[in-house]
């Protein structure tokens, strides 16, 4: 099977596929700071994936960003994880100060290699920032990155020419790039849930 065939084939999920929940933090609810967002159902889709991972015994990794300024500064209410993520016990919790989950503490790459895990389902906030950066690195490092775009969201952003690009358009550009350049397999949450059920590994 060629690389192109692998990305276009129906999704299959490893028994030890890792669910990566990136920066699902309360500070992203500050609309005065971040502006309009897309995909209001993103948190519900993430919660569905968490439930499926817990039911099938697969590993979950949470990632928490600590900014120097803004709503995600460590020690402030916005730094805290949202309740539906804070209430789980992850197999690994990573703290980071940059975009990629691979540049955090503990080291995600080392943990995955030690486990022998090769497949990552990437979710969280922000689609075209930390999620995309992590997916690109995952692809470069040889992981099978799965990118359910309805289990994440973005915000409107203003470019260097002063034009504001809507969040949904930014998310679509991310999905297009990751798919076209084969960094990640871009899918829906429903596709992931169906694949997880087919290869359930309940304890």
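Quick rundown of the values:
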read-out: Helices (runs of 4 or more DSSP H) wholly inside the range 121-203 containing at least 3 residues that are over 27 Å from residue 95 (Cα atoms) and out of contact with any helix residue (DSSP H, G or I) (no Cβ under 6 Å at 6 or more places or on another chain); value: 167-180, 189-198
read-out: Residue 13 vs. criteria buried (at least 21 other Cβ atoms within 10 Å of the Cβ), out of contact with any helix residue (DSSP H, G or I) (no Cβ under 8 Å at 6 or more places or on another chain) and either modelled with pLDDT of 95 or more or at negative phi (or both); value: no
read-out: Cross-chain or 6+ apart pairs with Cβ under 6 Å, the range 162-187 first and farther than 18 Å from residue 39 by Cβ, then modelled with pLDDT of 95 or more and in a strand (DSSP E or B); value: 185/146
read-out: For residue 2: the one exception among (1) at pLDDT 95 or above; (2) farther than 25 Å from residue 94 by Cα; value: (1)
read-out: Some residue of the range 136-145 being touching a strand residue (DSSP E or B) at 6+ places or on another chain (Cβ under 9 Å), under 11 Å from residue 63 (Cα atoms), crowded, with 18+ Cβ neighbours inside 10 Å and in contact (Cβ under 8 Å) with a residue 12 or more places away in the chain; value: no
read-out: Filtered residues of the range 44-59 (kept if surrounded by fewer than 18 Cβ atoms within 10 Å (Cβ to Cβ), touching a strand residue (DSSP E or B) at 6+ places or on another chain (Cβ under 9 Å) and either assigned to a helix (DSSP H, G or I) or touching a residue at least 60 places away in the same chain (Cβ under 8 Å) (or both)); value: 54
read-out: Single residue of 12, 89, 62 found to be under 25 Å from residue 110 (Cα atoms) and touching a strand residue (DSSP E or B) at 6+ places or on another chain (Cβ under 7 Å); value: 62
read-out: Positions within the range 60-69 being surrounded by 13 or more Cβ atoms within 10 Å (Cβ to Cβ) and in a loop (DSSP other than H, G, I, E, B), in sequence order; value: 66
read-out: Of all residues making up the range 19-40, the number that are in a loop (DSSP other than H, G, I, E, B) and in contact with a helix residue (DSSP H, G or I) (Cβ under 7 Å, 6 or more places away or on another chain); value: 6
read-out: Among (1) more than 28 Å from residue 35 (Cα to Cα); (2) under 17 Å from the mean Cα position of the chain (by Cα); (3) touching a residue at least 40 places away in the same chain (Cβ under 8 Å), the one test that residue 65 misses; value: (1)
read-out: Subset of the range 76-119 that is part of a loop (DSSP other than H, G, I, E, B) and within 15 Å of the chain's Cα centre (by Cα) - its residue that is farthest from residue 139 (Cα to Cα); value: 82
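The values are calculated or read from the model by the stated rules, or taken from the named source; none is laboratory data. Note that the structure is predicted; figures quoted are calculated from it, not measured. Note that each Cβ is placed from the backbone with ideal geometry, even for glycine, and that neighbours are counted across all protein chains shown.
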